[in-house]
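Have a look at the structure below, then the notes.
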Amino acid sequence: MSEQEASWPAQWILTRLRDAYGTSQWWPADSPLEVLVGAVLTQSVRWQNVRTAIARLKAAAPMTESALMALPRADLTACLKPTRFPNQKARRLLGLLEMITDQGRRTLAQFFATAEIDHRQALLAVNGVGAETADAILLYAGQRQAFPIDAYTRRIAARVLGKDVTDHDLRSQTLAQLPEVEALADLHGLLVIHAQRHCLSRPHCLACPLADRCHGRQQEATA
Ligand code: SF4
(Lines give C-alpha, C1' and ligand atoms only; values in the text may rest on other atoms or scores of the structure.)
Protein backbone atom coordinates (compact mmCIF):
# COMPACT_ATOMS: atom_id res chain seq x y z
CA MET A 1 0.00 0.00 0.00
CA SER A 2 1.49 3.37 -0.98
CA GLU A 3 1.79 6.19 1.57
CA GLN A 4 -0.97 8.07 -0.28
CA GLU A 5 -3.31 5.05 -0.11
CA ALA A 6 -2.51 4.52 3.59
CA SER A 7 -3.67 7.97 4.67
CA TRP A 8 -7.24 9.21 5.02
CA PRO A 9 -8.16 10.91 1.70
CA ALA A 10 -10.37 13.63 3.20
CA GLN A 11 -10.34 15.92 0.16
CA TRP A 12 -11.17 13.08 -2.23
CA ILE A 13 -13.97 11.83 0.02
CA LEU A 14 -15.46 15.32 0.33
CA THR A 15 -15.49 15.70 -3.46
CA ARG A 16 -17.07 12.29 -4.00
CA LEU A 17 -19.72 12.76 -1.32
CA ARG A 18 -20.59 16.27 -2.56
CA ASP A 19 -21.01 14.86 -6.07
CA ALA A 20 -23.27 12.13 -4.70
CA TYR A 21 -25.34 14.00 -2.11
CA GLY A 22 -24.80 17.75 -2.64
CA THR A 23 -23.83 19.87 0.37
CA SER A 24 -24.92 18.61 3.76
CA GLN A 25 -26.26 21.85 5.36
CA TRP A 26 -25.18 20.43 8.74
CA TRP A 27 -25.56 21.50 11.65
CA PRO A 28 -29.32 22.15 11.84
CA ALA A 29 -29.77 25.05 14.31
CA ASP A 30 -31.02 28.63 14.41
CA SER A 31 -28.04 30.04 16.35
CA PRO A 32 -24.56 29.13 17.63
CA LEU A 33 -26.02 28.72 21.13
CA GLU A 34 -28.54 26.22 19.80
CA VAL A 35 -25.63 24.31 18.22
CA LEU A 36 -23.93 24.13 21.61
CA VAL A 37 -27.11 22.90 23.29
CA GLY A 38 -27.63 20.28 20.59
CA ALA A 39 -24.03 19.09 20.84
CA VAL A 40 -24.49 18.34 24.54
CA LEU A 41 -27.92 16.78 24.17
CA THR A 42 -27.03 14.50 21.25
CA GLN A 43 -24.56 12.41 23.25
CA SER A 44 -25.90 8.79 23.09
CA VAL A 45 -29.30 9.96 21.80
CA ARG A 46 -31.05 9.96 18.42
CA TRP A 47 -31.20 13.36 16.74
CA GLN A 48 -35.00 13.31 16.63
CA ASN A 49 -35.06 13.23 20.44
CA VAL A 50 -32.67 16.19 20.52
CA ARG A 51 -34.99 18.16 18.24
CA THR A 52 -37.91 17.47 20.56
CA ALA A 53 -35.93 18.56 23.63
CA ILE A 54 -34.74 21.76 21.94
CA ALA A 55 -38.30 22.59 20.87
CA ARG A 56 -39.39 22.19 24.49
CA LEU A 57 -36.53 24.42 25.66
CA LYS A 58 -37.45 27.11 23.14
CA ALA A 59 -41.04 27.02 24.36
CA ALA A 60 -39.90 27.36 27.97
CA ALA A 61 -37.36 30.19 27.60
CA PRO A 62 -35.62 32.41 25.04
CA MET A 63 -32.56 30.68 23.56
CA THR A 64 -30.04 32.89 25.36
CA GLU A 65 -27.27 31.99 27.76
CA SER A 66 -28.81 33.89 30.69
CA ALA A 67 -32.34 32.57 30.11
CA LEU A 68 -31.18 28.95 29.97
CA MET A 69 -29.11 29.38 33.13
CA ALA A 70 -32.06 31.02 34.93
CA LEU A 71 -34.51 28.22 34.13
CA PRO A 72 -35.55 26.40 37.31
CA ARG A 73 -33.71 23.05 37.40
CA ALA A 74 -36.97 21.08 37.44
CA ASP A 75 -38.19 22.89 34.30
CA LEU A 76 -34.86 22.37 32.54
CA THR A 77 -34.85 18.67 33.39
CA ALA A 78 -38.45 18.30 32.19
CA CYS A 79 -37.52 19.86 28.82
CA LEU A 80 -34.60 17.44 28.46
CA LYS A 81 -36.62 14.32 29.24
CA PRO A 82 -36.54 13.08 25.59
CA THR A 83 -32.73 12.87 25.81
CA ARG A 84 -32.83 9.72 28.01
CA PHE A 85 -30.57 11.16 30.71
CA PRO A 86 -32.24 14.48 31.58
CA ASN A 87 -30.49 15.03 34.92
CA GLN A 88 -27.06 14.26 33.51
CA LYS A 89 -27.68 16.38 30.39
CA ALA A 90 -28.95 19.29 32.51
CA ARG A 91 -25.82 19.11 34.70
CA ARG A 92 -23.53 19.04 31.67
CA LEU A 93 -25.34 21.84 29.88
CA LEU A 94 -25.28 24.10 32.92
CA GLY A 95 -21.61 23.31 33.58
CA LEU A 96 -20.78 24.19 30.01
CA LEU A 97 -22.81 27.41 30.09
CA GLU A 98 -21.14 28.45 33.36
CA MET A 99 -17.70 28.03 31.83
CA ILE A 100 -18.63 29.66 28.49
CA THR A 101 -20.23 32.67 30.17
CA ASP A 102 -17.68 32.88 33.00
CA GLN A 103 -20.58 32.58 35.47
CA GLY A 104 -22.82 34.93 33.49
CA ARG A 105 -20.28 37.66 32.65
CA ARG A 106 -20.00 37.05 28.89
CA THR A 107 -21.85 35.52 25.91
CA LEU A 108 -20.90 32.58 23.70
CA ALA A 109 -19.81 35.05 21.02
CA GLN A 110 -17.57 36.82 23.55
CA PHE A 111 -16.10 33.47 24.63
CA PHE A 112 -15.03 32.77 21.06
CA ALA A 113 -13.82 36.36 20.60
CA THR A 114 -11.45 36.11 23.59
CA ALA A 115 -8.08 35.36 22.02
CA GLU A 116 -6.38 34.48 25.32
CA ILE A 117 -8.59 31.41 25.75
CA ASP A 118 -7.52 28.03 24.37
CA HIS A 119 -11.08 27.24 23.33
CA ARG A 120 -10.64 23.50 22.74
CA GLN A 121 -8.92 22.96 26.06
CA ALA A 122 -11.50 25.08 27.87
CA LEU A 123 -14.33 23.01 26.41
CA LEU A 124 -12.59 19.71 27.16
CA ALA A 125 -12.10 20.78 30.78
CA VAL A 126 -15.87 20.82 31.35
CA ASN A 127 -17.20 17.68 32.98
CA GLY A 128 -18.88 15.45 30.38
CA VAL A 129 -17.52 17.26 27.32
CA GLY A 130 -15.39 14.93 25.21
CA ALA A 131 -13.49 15.52 22.00
CA GLU A 132 -16.46 14.91 19.68
CA THR A 133 -18.67 17.40 21.53
CA ALA A 134 -15.91 19.99 21.88
CA ASP A 135 -14.98 19.79 18.20
CA ALA A 136 -18.63 20.02 17.12
CA ILE A 137 -19.04 23.19 19.19
CA LEU A 138 -15.78 24.65 17.86
CA LEU A 139 -16.67 23.94 14.25
CA TYR A 140 -20.40 24.66 14.08
CA ALA A 141 -20.89 27.23 16.87
CA GLY A 142 -17.46 28.91 16.80
CA GLN A 143 -16.66 28.56 13.08
CA ARG A 144 -13.20 27.30 14.08
CA GLN A 145 -11.04 24.81 12.22
CA ALA A 146 -12.01 21.56 13.96
CA PHE A 147 -13.28 18.13 12.95
CA PRO A 148 -15.54 16.02 15.16
CA ILE A 149 -14.78 12.30 14.98
CA ASP A 150 -17.87 10.19 15.59
CA ALA A 151 -18.68 6.49 15.22
CA TYR A 152 -19.79 7.01 11.62
CA THR A 153 -16.49 8.62 10.64
CA ARG A 154 -14.50 5.85 12.37
CA ARG A 155 -16.50 3.15 10.57
CA ILE A 156 -16.13 4.70 7.12
CA ALA A 157 -12.43 5.42 7.63
CA ALA A 158 -11.69 1.87 8.82
CA ARG A 159 -13.46 0.42 5.79
CA VAL A 160 -12.00 2.79 3.21
CA LEU A 161 -8.46 2.33 4.54
CA GLY A 162 -8.83 -1.34 5.43
CA LYS A 163 -7.51 -0.74 8.95
CA ASP A 164 -8.39 1.09 12.15
CA VAL A 165 -7.10 4.65 12.43
CA THR A 166 -6.72 6.61 15.64
CA ASP A 167 -8.96 9.62 16.18
CA HIS A 168 -5.83 11.75 16.45
CA ASP A 169 -4.60 10.66 13.02
CA LEU A 170 -8.03 11.05 11.42
CA ARG A 171 -8.37 14.55 12.86
CA SER A 172 -4.88 15.73 11.97
CA GLN A 173 -5.00 14.32 8.42
CA THR A 174 -8.39 15.92 7.81
CA LEU A 175 -7.32 19.32 9.16
CA ALA A 176 -4.13 19.22 7.08
CA GLN A 177 -6.10 18.62 3.87
CA LEU A 178 -9.12 20.85 4.54
CA PRO A 179 -8.21 24.17 6.16
CA GLU A 180 -11.58 25.81 5.38
CA VAL A 181 -14.31 25.68 8.02
CA GLU A 182 -17.00 25.31 5.36
CA ALA A 183 -15.33 22.19 3.93
CA LEU A 184 -14.86 20.62 7.36
CA ALA A 185 -18.47 21.29 8.31
CA ASP A 186 -19.69 19.83 5.04
CA LEU A 187 -17.49 16.73 5.31
CA HIS A 188 -18.76 15.85 8.79
CA GLY A 189 -22.38 16.21 7.67
CA LEU A 190 -21.79 14.23 4.49
CA LEU A 191 -20.17 11.38 6.39
CA VAL A 192 -23.31 11.17 8.55
CA ILE A 193 -25.45 10.99 5.40
CA HIS A 194 -23.14 8.40 3.83
CA ALA A 195 -23.15 6.20 6.94
CA GLN A 196 -26.95 6.23 6.94
CA ARG A 197 -27.46 5.60 3.21
CA HIS A 198 -24.59 3.36 2.12
CA CYS A 199 -22.02 2.58 4.81
CA LEU A 200 -24.42 1.11 7.36
CA SER A 201 -23.49 -1.65 9.82
CA ARG A 202 -24.13 -3.98 6.87
CA PRO A 203 -22.84 -1.80 4.05
CA HIS A 204 -24.65 -1.26 0.77
CA CYS A 205 -21.58 -1.14 -1.44
CA LEU A 206 -23.38 -1.33 -4.76
CA ALA A 207 -23.22 2.16 -6.32
CA CYS A 208 -21.34 3.54 -3.28
CA PRO A 209 -19.53 6.72 -4.36
CA LEU A 210 -16.39 5.64 -2.45
CA ALA A 211 -16.28 2.06 -3.72
CA ASP A 212 -13.40 2.41 -6.16
CA ARG A 213 -10.93 3.34 -3.38
CA CYS A 214 -12.49 1.37 -0.54
CA HIS A 215 -10.60 -1.58 0.90
CA GLY A 216 -13.75 -2.72 2.69
CA ARG A 217 -15.50 -2.95 -0.65
CA GLN A 218 -12.65 -4.95 -2.19
CA GLN A 219 -12.63 -7.44 0.68
CA GLU A 220 -16.39 -7.86 0.43
CA ALA A 221 -16.22 -8.41 -3.34
CA THR A 222 -13.51 -11.08 -3.03
CA ALA A 223 -14.97 -12.85 0.05
S1 SF4 B 1 -17.75 0.57 -0.55
FE2 SF4 B 1 -19.06 -0.30 1.07
S3 SF4 B 1 -17.73 -0.42 2.89
FE4 SF4 B 1 -16.77 1.00 1.43
S5 SF4 B 1 -17.46 3.05 1.99
FE6 SF4 B 1 -18.86 2.26 0.42
S7 SF4 B 1 -20.54 1.30 1.56
FE8 SF4 B 1 -18.81 1.57 3.00
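Annotations for the structure displayed:
- Evaluation of residue 150 against the conditions (1) within 16 Å of the ligand (Cβ to nearest atom); (2) among the acidic types (Asp, Glu); (3) out of contact with any Asp or Glu (no Cβ under 6 Å at 6 or more places or on another chain) shows that the sole unmet condition is (3).
- Residue 217 within 12 Å of the ligand (Cβ to nearest atom), open to solvent by 30 Å² or more (accessible area, probe 1.4 Å) and assigned to a helix (DSSP H, G or I): yes
- When residue 168 is tested against (1) assigned to a helix (DSSP H, G or I); (2) free of Cβ contacts under 8 Å to residues at least 60 places away in the same chain; (3) surrounded by 15 or more Cβ atoms within 10 Å (Cβ to Cβ), just one condition goes unmet, and that condition is (3).
- Only listed residue being outside the structural domain of residue 9 (by TED's automatic domain parsing) and not charged (D, E, K, R), chosen from 137, 156, 193: 137
- Looking only at the range 171-199, residues that are within 16 Å of the ligand (Cβ to nearest atom) and open to solvent by 50 Å² or more (accessible area, probe 1.4 Å) come to 2 in all.
- Scanning the range 95-122 for residues that are acidic (Asp, Glu) and part of a helix (DSSP H, G or I) gives a single hit, 98.
- Sole residue being open to solvent by less than 50 Å² (accessible area, probe 1.4 Å) and in contact (Cβ under 8 Å) with a residue 60 or more places away in the chain, chosen from 71, 14, 41: 14
- Those residues of the range 123-139 which are open to solvent by 20 Å² or more (accessible area, probe 1.4 Å) and either in a helix (DSSP H, G or I) or among the charged types (D, E, K, R) (or both), in sequence order: 124, 131, 132
The values are calculated or read from the model by the stated rules, or taken from the named source; none is laboratory data. Fair warning: this is a prediction, and the values are worked out from it, not measured in the lab. As a convention, Cβ positions derive from the backbone with ideal geometry for all residues, glycine included, and neighbour counts pool all protein chains shown. The accessibility values were calculated without ligands, DNA or RNA, using every heavy atom of the protein model including side chains. Shrake-Rupley method; radii C 1.70, N 1.55, O 1.52, S 1.80 Å.
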